[in-house]
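Read the structure below first, then the notes.
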Amino acid sequence: MSIEDMSGGAVAIEMKPQRYINTLDSGLFELGPVHPDADPPDPTEILTAIKLNETKIALKSGYGKYLSVDKSSGELLGRSDAIGEREQWEPVFQEGEMAICGPNGCFLTSDEDGNILCNQRKAGSNEMISIRSCADLSKDPMADIPVEERASVKQAEINYVKKFQSFQDRHLKICKEDPSVLKKAKKEGTLHENLLDRREKMKSDRYCK
């Protein structure tokens, strides 16, 4: 994750596992409920990140207001109509972890009651966050994998046989050789070539030599 990954689109800030910053219509924020695995953030948990320079971003809530910090309480606020000094945030990356420093020089955190604050001078484990970017929120993680290969390699071989077999006698002709070599082939990027070789041995594929 980098500032480039965050800027220019939808982001969700994960404060604790499967729990995101949630926007309230009052202009305040809270720690949202726990989401089941693979569930996307709720619409009120999605913010827009805007890159301001090489180190800082602005964050806008779904209500069209920019995020800032209350000077006295350190509470996270979403009530600003424009970007000023109080609406600038600095993501800090170190050793694969990330925290966000606010305009008051403190780090974003949450308390035991689920309130979102920006009042920690040092970033400890409670200030470490994760960001889900627009790519994470909108893209099907299986989109780049062919439909035939979304299960085991054994099932992938059956799927491709069904797809390409000539079906002269209506019976699937699966290669009897050890299918474990297909796992290695998949890791090496040669799965398609190996599957074709195996189908060729069965003389049932209309694309075989």
Every residue from segment 35-51 that is of a type in the set (A, V, I, L, M) and within 19 Å of R79 (Cα to Cα)
I46, L47, A49, I50
Go through segment 103-120 and count every residue that is part of a loop (DSSP other than H, G, I, E, B) and over 17 Å from V92 (Cβ atoms).
4
Assess whether G74 counts as being surrounded by fewer than 14 Cβ atoms within 10 Å (Cβ to Cβ), within 21 Å of S125 (Cβ to Cβ) and not hydroxyl-bearing (S, T, Y).
no
Of a type in the set (A, V, I, L, M) and part of a loop (DSSP other than H, G, I, E, B), is that true of I100?
no
Looking at (1) over 18 Å from I129 (Cα atoms); (2) buried (at least 18 other Cβ atoms within 10 Å of the Cβ), which one does N53 not meet, given that it meets all the others?
(2)
Regarding segment 78-90, can at least one residue be identified that is in a strand (DSSP E or B), among the aromatic types (F, W, Y) and out of contact with any helix residue (DSSP H, G or I) (no Cβ under 8 Å at 6 or more places or on another chain)?
yes
Kindly evaluate I131 against the criterion of being modelled with pLDDT under 90, crowded, with 17+ Cβ neighbours inside 10 Å, on the phi < 0 side of the Ramachandran plot and not in a loop (DSSP other than H, G, I, E, B).
yes
Evaluate the following for S68: is it modelled with pLDDT of 90 or more, in a loop (DSSP other than H, G, I, E, B) and polar (S, T, N, Q)?
no
Answer residue from segment 37-56, given it is aliphatic (A, V, I, L, M) and part of a loop (DSSP other than H, G, I, E, B) and is nearest to E85 (Cα to Cα) among those:
L52
Answer with yes or no whether P17 is over 17 Å from the mean Cα position of the chain (by Cα) and either within 24 Å of D113 (Cβ to Cβ) or modelled with pLDDT of 95 or more (or both).
no
Filtering segment 85-114 for residues that are among the charged types (D, E, K, R), closer than 14 Å to L59 by Cα and either touching a Cys at 6+ places or on another chain (Cβ under 6 Å) or surrounded by fewer than 13 Cβ atoms within 10 Å (Cβ to Cβ) (or both) leaves a count of 2
Quickly run through segment 89-108 and pick out the residues that are under 24 Å from the mean Cα position of the chain (by Cα) and free of Cβ contacts under 8 Å to residues at least 60 places away in the same chain.
W89, E90, V92, Q94, E95, G96, E97, A99, C101, G102, F107
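The values are calculated or read from the model by the stated rules, or taken from the named source; none is laboratory data. Model, not experiment: these values are computed from the prediction. Here the Cβ is made from the backbone with ideal geometry for all residues, glycine too, and neighbour counts use every protein chain on show.
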